[in-house]
1. Restricting to the range A:1-20, count the residues that are more than 14 Å from chain J (Cβ to nearest Cβ) and assigned to a helix (DSSP H, G or I).
2. Here is a list of conditions, (1) open to solvent by less than 20 Å² (accessible area, probe 1.4 Å); (2) farther than 30 Å from G:THR62 by Cα, and F:MET67 meets all of them except one; can you say which number that is?
3. Given the options F:LEU40, F:LEU23, name the one that is open to solvent by less than 30 Å² (accessible area, probe 1.4 Å), more than 7 Å from every other protein chain (Cβ to nearest Cβ) and within 10 Å of the chain's Cα centre (by Cα).
4. Which one of these does A:THR62 not meet: (1) facing another protein chain (nearest Cβ under 7 Å); (2) under 23 Å from J:MET77 (Cα atoms)?
5. Please name all residue pairs, on different chains or six or more residues apart, with Cβ atoms under 6 Å, provided the first residue is in the range H:3-17 and is within 30 Å of I:GLU82 (Cβ to Cβ) and the second residue is small (Gly, Ala, Ser).
6. Check B:PRO72 against each of (1) closer than 19 Å to D:HIS87 by Cβ; (2) open to solvent by 50 Å² or more (accessible area, probe 1.4 Å); (3) not polar (S, T, N, Q) and name the one condition it does not meet.
7. Would you please list the contacts, defined by Cβ atoms under 7 Å and residues six or more apart or on different chains, that run from a residue in the range A:71-92 that is closer than 18 Å to C:LEU55 by Cα and within 11 Å of chain D (Cβ to nearest Cβ) to a residue that is open to solvent by less than 50 Å² (accessible area, probe 1.4 Å) and among the aromatic types (Phe, Trp, Tyr)?
8. Name every residue in the range C:43-70 that is assigned to a helix (DSSP H, G or I) and under 12 Å from the mean Cα position of the chain (by Cα), in order of residue number.
There are 10 protein chains.
Amino acid sequence: MEFLVRIQVGLPVDMPASERQSLLDAEAAQARELMADGNLLRIWRVPGRQANVSLYEAPDATELHRMISSLPLWPWMDVRVEPLAAHPLEAGR
Amino acid sequence: MEFLVRIQVGLPVDMPASERQSLLDAEAAQARELMADGNLLRIWRVPGRQANVSLYEAPDATELHRMISSLPLWPWMDVRVEPLAAHPLEAGR
Amino acid sequence: MEFLVRIQVGLPVDMPASERQSLLDAEAAQARELMADGNLLRIWRVPGRQANVSLYEAPDATELHRMISSLPLWPWMDVRVEPLAAHPLEAGR
Amino acid sequence: MEFLVRIQVGLPVDMPASERQSLLDAEAAQARELMADGNLLRIWRVPGRQANVSLYEAPDATELHRMISSLPLWPWMDVRVEPLAAHPLEAGR
Amino acid sequence: MEFLVRIQVGLPVDMPASERQSLLDAEAAQARELMADGNLLRIWRVPGRQANVSLYEAPDATELHRMISSLPLWPWMDVRVEPLAAHPLEAGR
Amino acid sequence: MEFLVRIQVGLPVDMPASERQSLLDAEAAQARELMADGNLLRIWRVPGRQANVSLYEAPDATELHRMISSLPLWPWMDVRVEPLAAHPLEAGR
Amino acid sequence: MEFLVRIQVGLPVDMPASERQSLLDAEAAQARELMADGNLLRIWRVPGRQANVSLYEAPDATELHRMISSLPLWPWMDVRVEPLAAHPLEAGR
Amino acid sequence: MEFLVRIQVGLPVDMPASERQSLLDAEAAQARELMADGNLLRIWRVPGRQANVSLYEAPDATELHRMISSLPLWPWMDVRVEPLAAHPLEAGR
Amino acid sequence: MEFLVRIQVGLPVDMPASERQSLLDAEAAQARELMADGNLLRIWRVPGRQANVSLYEAPDATELHRMISSLPLWPWMDVRVEPLAAHPLEAGR
Amino acid sequence: MEFLVRIQVGLPVDMPASERQSLLDAEAAQARELMADGNLLRIWRVPGRQANVSLYEAPDATELHRMISSLPLWPWMDVRVEPLAAHPLEAGR
């Protein structure tokens, strides 16, 4: 099942640069793992914002929560999840 | 997987009473079938409104859509679906 | 450039079934053409609603408007468009 | 009478890990007591968020307030309560 | 238990005056009955609007729904219910 | 004239317990005075929240502001005031 | 006491021109009476809309409701009322 | 002074095609006049919607209202106006 | 041209009393100057809040911004400006 | 393609004046560069607020994000981007 996920990141402006960088590196590594596993299908930047929209594949919302909360930036994230149903136009896709 | 579903029904006030009644009867019959099949787990009235909150069990959002849109009142419904993840406090439930 | 598009369809409940069906058939045909042309990349049902979320590829918002307003159901649609920027995690995708 | 309760938890990101853990342990213990007493009937995670949806049984809103404010995390919670009425479909349940 | 109830009435502007008057008379009669029974404790007009705020006493939301939906104007009402808990300042009131 | 007042209190979580207690005591004392003077007619807790709904009698909004801002917790309050008009059903009350 | 009043007028587009004109004439006459009586102190157009913002002087919300609902366009109005308190800067005004 | 104006057009779907076309033609003619007079500086389509965003130059809100309400589609428009102040970066523009 | 201005003041609760007082004194002095110059026509307290509604006369939004940002409390203000058009009922006022 | 961009700046009130000034200077320099390059076409102040509305020309949302995030104040900005489509009235502009 697919989910549309909106994430706004709220790292404090005054976080030391090195701490911020190592967090961002860890975040990218974990996100790439989710992509490699076929869980994180697509991801886009919301232009102008420290935010993204992404498309997940997960068996259910419990597994989706496990994936999102595994991200190192999770404690600073505001996350909204929307469930998606298959559309007949994609039948046979 | 469980879903929290909010439904506001908007039947026109001037619908003939018999048409309304037969719609409501068909709706109740179909809802009871969803309950018997273990899809519609709980349902509550929103006090004061022609609306309800319900708890569904469905394999995914595609099946949930099939269930909700099978309801005879569906063309008059405004529906909001929220995905639910398991909470650790219910582990072993 | 990609766009996230949300469409709520508001066909009147009392539209004659044949008129509705021929509109829906024409809609599906036109949507398939947009898919074949690589403009409509993905489409999902919003569970429980006569609504969808879709992902478009278009050179700009002017072309996107031309695509969406070419859909036969357009006069009955409420449409929201959100621009998407590429995310570094997809570099090399 | 049943109530639908939405809770968003806002523990500060920089709370010491041990303090956080002991708060979470105390929270879980108190929640289990509310479950054992038949007050907290169900609880779900809102996927992606430090938030939950729960179903309470309480004689009235005054007792419900006493239950919720007994939770150790209460000072950091944003809580919304919605009263639920019985639905005729559940008659005889 | 007490509930705060907000009601917006949406009678169509072109309803025949006699039909409107007999509805309003029936509404007032039923509301007075709810007052006499100790269910409808207070009622205020929202200034400038065909709307009111009222205070109900009811055993639970199920009974409250029965009371509100007994009002002849109910099919034209938009109703919002908010549960109220006792405040310690009123202890001994 | 009566006013419906909604107050959300936002005391910081880390306020020293003794300072908090003396503020709450002073608040209760001042609220009781407003009750004794016939200004604060009713007060309810919003279940689950550090918030209340109350009913004031005041000659006008200027006096109401003087009453509310006399409360010791006022600097930490978010307050919303709604004017109430008499309802014909209460005529002769 | 002064009140800030926002009114959006929703006359149907297809109302016959003569009916519309006689309503607007009656509205203007009644509004001028409220101005002459010192009840309607100021009135502004919301640019681009069939709406206005106005400033009323009335003893209380009950009288204000009587004034607003005396306007011939009232059945087509959506009205929002906000109570205003005197500001110390205007003391001695 | 410049104003940012958002207009959503709500022509009924079932308006006869010829009536719609003559309205749209008259609208375009009047809009071109506003452009020629230096009142309507820019106009954009909101992609996917029967809506536009535009930039007006007008001496004040009264004149702006006169301009907007001169448009033949005005009775079917929902209009929002936002005042704009000069930005220092454009000094000397 | 007239503007309706809403200002919410957000001075921190723990600002030293003397600093607060001197800010408030400077604010009142500057506001009185704006009143004397015919720019600030009216000002009201929003009851219960550290907020006000005011009526400004200014040649345009650029000058209005200069006036508002000249207020000593400006760095702590959340300000909303609404343009007002003349209403025919006030013609000849 | 053009984009409408809304930016609210949230510099902390207690930032040292020299740091603030050097940030604002760097911001102005970078904004002037975007103007010189034909990317930032127009910019307006939102009256009364530390906010602006601007009009960008960018090949797509990815480039737009690069432009906006190049601004020195970006870490303190809340940004909303809206895509704009060409309007037929401007054909030949």
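The values are calculated or read from the model by the stated rules, or taken from the named source; none is laboratory data. All figures in this text were calculated on a predicted structure; none of them were measured in a lab. Don't worry about glycine lacking a Cβ; one is built from the backbone with ideal geometry, like all the others, and counts go over all protein chains shown. Accessible surface areas use protein heavy atoms only, side chains included; no ligands, DNA or RNA. Shrake-Rupley method; radii C 1.70, N 1.55, O 1.52, S 1.80 Å.
1. Adding up the residues that qualify gives 2.
2. (2)
3. Working: F:LEU23 fails: within 10 Å of the chain's Cα centre (by Cα).
Sole residue among the options that is open to solvent by less than 30 Å² (accessible area, probe 1.4 Å), more than 7 Å from every other protein chain (Cβ to nearest Cβ) and within 10 Å of the chain's Cα centre (by Cα): F:LEU40.
4. Only one criterion is unmet by A:THR62, namely (2).
5. If the second residue must be small (Gly, Ala, Ser), the pairs left are H:VAL5/H:SER54; H:GLN8/H:ALA51.
6. So the condition that B:PRO72 fails would be (2).
7. Partner pairs satisfying both residue conditions: A:VAL81/A:PHE3; A:GLU82/A:PHE3; A:PRO83/A:PHE3.
8. Step one: of the range C:43-70, the residues assigned to a helix (DSSP H, G or I) are C:61-69.
C:LEU64, C:HIS65, C:ARG66, C:MET67, C:ILE68, C:SER69, listed by residue number.
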